[in-house]
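The values are calculated or read from the model by the stated rules, or taken from the named source; none is laboratory data. What you see is a predicted model; the values in this text were computed from it and never measured. Note: ideal-geometry Cβ built from the backbone for every residue, glycine included; neighbour counts use all protein chains shown.
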């Protein structure tokens, strides 16, 4: 048993030395945080992409209104504009007729999509928003990478302890487990130390970017209000014109109108979920920093469990809105 | 929004929405030309509101403190990833070292003390020849 005592004392000494440094990071909490935020990445991208899409859709609805009010058409299909075709002069030495140049067919759908405003102003916003989302998620993922895997590493110490003569099988196994735990704790200490060195300096930057994410989502919600208003205008204008022409609006028309509005409302709710999730992220990162600064070991995991409980349904709502 | 005043765009959108009542009434009364004019005004108000909002947000994204925050977080991410890689490598090295130790113990256990001393002597001899 003396060998056990030697190993035990040495291990205890190393653990005490390691825990004397700044170690107030609960690695399990950080791992949970990182894994959950990583899951949210596709939903965040979908939301930011929708900023550009909402501009295109609003423009599309507006063009439909203009088209329905056009006095010349009275709801008829728009006249097709055929682009002038430049035919090269026929070659004197060739009997073959020149290839026919066909003007690209511009469908009604294509003519309704997009506008220069969407491309010049809304698209850069979407790109910047996605960049900020990527930076925040990348940072949390890196915290998770430092925190390590969910399971402790098996260093294969059993192969060595089994060679020590005079130990029973149970003693060998206990020694193996103990040494493996010590080895893992050595590396966990390095992990905590690495997080303690980087996270406090990054907190202010994270809080700035999260605030930006919240501003972007609130801005997006007002853009959605605009899209909603444009949809409303289209249906009301169409129904006014239809009533005047003696065609009453049907229940199907009403249902379709409402479903379009519901779709916008669902995206607006997704923006709320996004705001709640990034705010929770900022709060929990702040808690992590508090733990590091106050050398508290065990707070983060409990906080992270609360975070996941709060965060997961939001992310689920986000995913559903863009599925 | 920090720099933003969302009151103006929200007000423009609200006003554009209210114009719809007028458009409906004009259409009902057969004043199509007036309805078209109102619809165009409505569209302009909405476009203006959308652009004001988007430009505000774009400026916010491109403000110096936002760019600084992005750089700070990217630097922290790079450092964290480098540390994660280093720790993972160290763990692998420890595993490898333990594997070698286990292998050595295996060989030592399989040999008699006489055979082991012969091998060690052989290694010493080789080292001596190499040094000459």
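May I ask you to verify whether residue B:26 is more than 8 Å from chain A (Cβ to nearest Cβ), modelled with pLDDT of 90 or more, under 46 Å from the mean Cα position of the chain (by Cα) and closer than 30 Å to residue A:245 by Cα?
Working: more than 8 Å from chain A (Cβ to nearest Cβ): yes; modelled with pLDDT of 90 or more: yes; under 46 Å from the mean Cα position of the chain (by Cα): no; closer than 30 Å to residue A:245 by Cα: yes.
Considered against the rule, which asks whether it is more than 8 Å from chain A (Cβ to nearest Cβ), modelled with pLDDT of 90 or more, under 46 Å from the mean Cα position of the chain (by Cα) and closer than 30 Å to residue A:245 by Cα, residue B:26 comes out as no.
Quick one: which residue in A:211, A:226, A:190 is within 9 Å of another protein chain (Cβ to nearest Cβ) and at pLDDT below 90?
Values: A:211 fails: at pLDDT below 90; A:226 fails: at pLDDT below 90.
Only one candidate passes the filter, namely A:190.
Would you say residue B:44 is closer than 19 Å to residue A:59 by Cβ and at pLDDT below 95? Can you show your working first?
Working: closer than 19 Å to residue A:59 by Cβ: yes; at pLDDT below 95: yes.
Criteria met by residue B:44.
Spot the failing condition for residue A:249; the list is (1) assigned to a helix (DSSP H, G or I); (2) closer than 24 Å to residue A:62 by Cα, and only one is missed.
(1)
Residue-wise test of (1) within 8 Å of chain A (Cβ to nearest Cβ); (2) part of a helix (DSSP H, G or I); (3) free of Cβ contacts under 8 Å to residues at least 12 places away in the same chain.
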| site | (1), (2), (3) |
| --- | --- |
| B:34 | no, yes, yes |
| B:37 | no, yes, yes |
| B:47 | yes, yes, yes |
| B:56 | yes, yes, no |
| B:69 | yes, yes, yes |
| B:82 | no, yes, yes |
| B:91 | yes, yes, yes |
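Does residue A:204 satisfy the criteria of being part of a helix (DSSP H, G or I), surrounded by fewer than 18 Cβ atoms within 10 Å (Cβ to Cβ) and at the interface with another protein chain (Cβ under 9 Å from one of its Cβ atoms)? So that I can check it myself, show each step before the final result.
On the way: part of a helix (DSSP H, G or I): yes; surrounded by fewer than 18 Cβ atoms within 10 Å (Cβ to Cβ): yes; at the interface with another protein chain (Cβ under 9 Å from one of its Cβ atoms): yes.
Answer is yes for this residue.
Anything in the range A:229-246 that is surrounded by fewer than 17 Cβ atoms within 10 Å (Cβ to Cβ), more than 9 Å from chain B (Cβ to nearest Cβ) and not in a loop (DSSP other than H, G, I, E, B)? List them, or say none. Don't jump to the end; show me each part of the working.
First, pick out the residues of the range A:229-246 that are surrounded by fewer than 17 Cβ atoms within 10 Å (Cβ to Cβ): A:242-246.
Of the ones still in play, those that are also more than 9 Å from chain B (Cβ to nearest Cβ) are A:242, A:245-246.
Across the range A:229-246, the qualifying residue is only A:242.
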